[in-house]
Amino acid sequence: MERHLDVFAPRTSPRWAAEQTFTRQLLWARLARCLQPTAAQATLPAASMRRYLGTQDMPMSALRPHPRRAGAYDGQLRPLQPSLRHRWVVLCLSGQAALAAPIQVLKIDGAYYLEDGHARASVASAQGRLYLRAQVWEHTPTPAQTTLQPRVTLDLRLVEQL
């Protein structure tokens, strides 16, 4: 229904421009996906410790989509699914206020994966922003479980009684 209503939007309106930008991003992402060989998807460590590193200005070029969202966004944070259109266009029309909220980023083995804020990062990338505010969390694998040997202490007085 929404797609049908977009036909009547004036071609000079901000909504029309946002819709066109989304469509371009979607087509470029799909074309790039067809031309590039499929890379092995990253996996998060099964057991990890999480440590907060603070709020930082993250370069857009360092951000990658979370492995769970690999089907929704490509490596350059362009949308791959038409179902993302409404959220993407709303963020695009909201202006800078919507992009001011920090995104959530996981640092794993030196790479930065988006945990929350994929649509905001995608819109910011399409608008040509170079940096985004991000709350960064570092994930490190948990240390291997060490087996503890039970400590046995004998009271010599008990041994003598036997």
- For THR23 and LEU35, extending 7 Å from Cα along the Cα-Cβ vector and measuring point to point gives, in nm, a value of 2.1 nm
- Message: Can you give the local net charge around ALA100? Use residues other than it whose beta-carbon is closer than 15 angstrom to its beta-carbon, Lys and Arg +1, Asp and Glu -1.
- Response: +1
- Message: Using the Karplus curve 6.51 cos²θ - 1.76 cosθ + 1.60 with θ = phi - 60°, what ³J(HN,Hα) values do you get for each residue of the range 76-82, in whole Hz, with x for Gly and Pro?
- Response: 9, 6, 8, x, 10, 10, x
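Here, each number is a calculation from the coordinates, and none is a lab measurement. Because the structure is a prediction, the values reported are computed rather than measured. Ideal geometry is used to build each Cβ from the backbone, glycine not excepted, and the neighbour counts take in all protein chains shown.
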